[in-house]
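Structure first, then comments.
The values are calculated or read from the model by the stated rules, or taken from the named source; none is laboratory data. Being a predicted model, the structure only gives us computed values, none of them experimental. All Cβ positions, even for glycine, are placed from backbone atoms using ideal geometry, and neighbour counts span all protein chains on display. Calculation scope for accessible area: heavy atoms of the full protein, side chains included, ligands and nucleic acids excluded. Shrake-Rupley method; radii C 1.70, N 1.55, O 1.52, S 1.80 Å.
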Amino acid sequence: MFEKMIKKSTDYLIRIHVIDEDDRDVYEYGFHSLYNNIIDITSILIISVWLKQVPQTILYHISFVALRNTAGGFHAKTHFRCFIMSTSIWLLSLWGISHIAVMEVCIALAGLSVFFVWLKAPIEHVNNPLSMKKRKHMKIFSRIIVIIFFVIVIATSVLLDDKHNWIAASLAYGMATQMLLILATFVTKG
């Protein structure tokens, strides 16, 4: 069914002369990515609403995705594996945000994330090699982003009362997830 939707979407664009038949592969890949993203985001939203963890999920994903896009890291071999792994880590993080949202843990997770991003990022993927210029650019941005989140984690941990520790925890667990993906790259290489 999924492949039929991709083919029909691409066929439609070719039929109305928006794209050329020669570009079919590129657009089918694009639709494949688009539909996977829609499924992922919809699943995350449904689960977070069901668990009553929407704000936590949003903050977690803001820190995780911002770092993921600049720092790189481990990639699963298939979208299904990626989805299962990402969802499992996110759900464990939500549990941590709900049960281990103490200032010291948040600052420790964020601090470790700064250390590993600073030391190892960006991590290159075989499907997306980096030029020296892009590597330098991503290194700078990943460091800026991780420092910004670290400062926010410290500020919210120190300035807000215990009732609001979930804010720092959500950001710190997102950062820690990215740190784990950086570490996983080195574990799976060896």
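The table below gives the values:
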| read-out | value |
| --- | --- |
| Filter result for R135 (free of Cβ contacts under 8 Å to residues at least 24 places away in the same chain and within 22 Å of F186 (Cα to Cα)) | yes |
| All positions within region 74-122 that are farther than 30 Å from L160 by Cβ, assigned to a helix (DSSP H, G or I) and over 15 Å from the mean Cα position of the chain (by Cα) | F80, K120 |
| N69 being among the polar types (S, T, N, Q) and open to solvent by 60 Å² or more (accessible area, probe 1.4 Å) | yes |
| Cβ-Cβ under 9 Å pairs, at least 6 apart or on other chains, region 1-23 side touching a residue at least 24 places away in the same chain (Cβ under 8 Å), far side of a type in the set (S, T, N, Q) and part of a helix (DSSP H, G or I) | F2/N36 |
| Within region 137-163, tally of residues that are at pLDDT below 95 and among the aromatic types (F, W, Y) | 1 |
| Filter pass, H75 being touching a residue at least 24 places away in the same chain (Cβ under 8 Å), open to solvent by 60 Å² or more (accessible area, probe 1.4 Å) and out of contact with any Phe, Trp or Tyr (no Cβ under 8 Å at 6 or more places or on another chain) | yes |
| Flag for K134 being more than 30 Å from Y35 (Cβ to Cβ), of a type in the set (D, E, K, R) and open to solvent by 60 Å² or more (accessible area, probe 1.4 Å) | no |
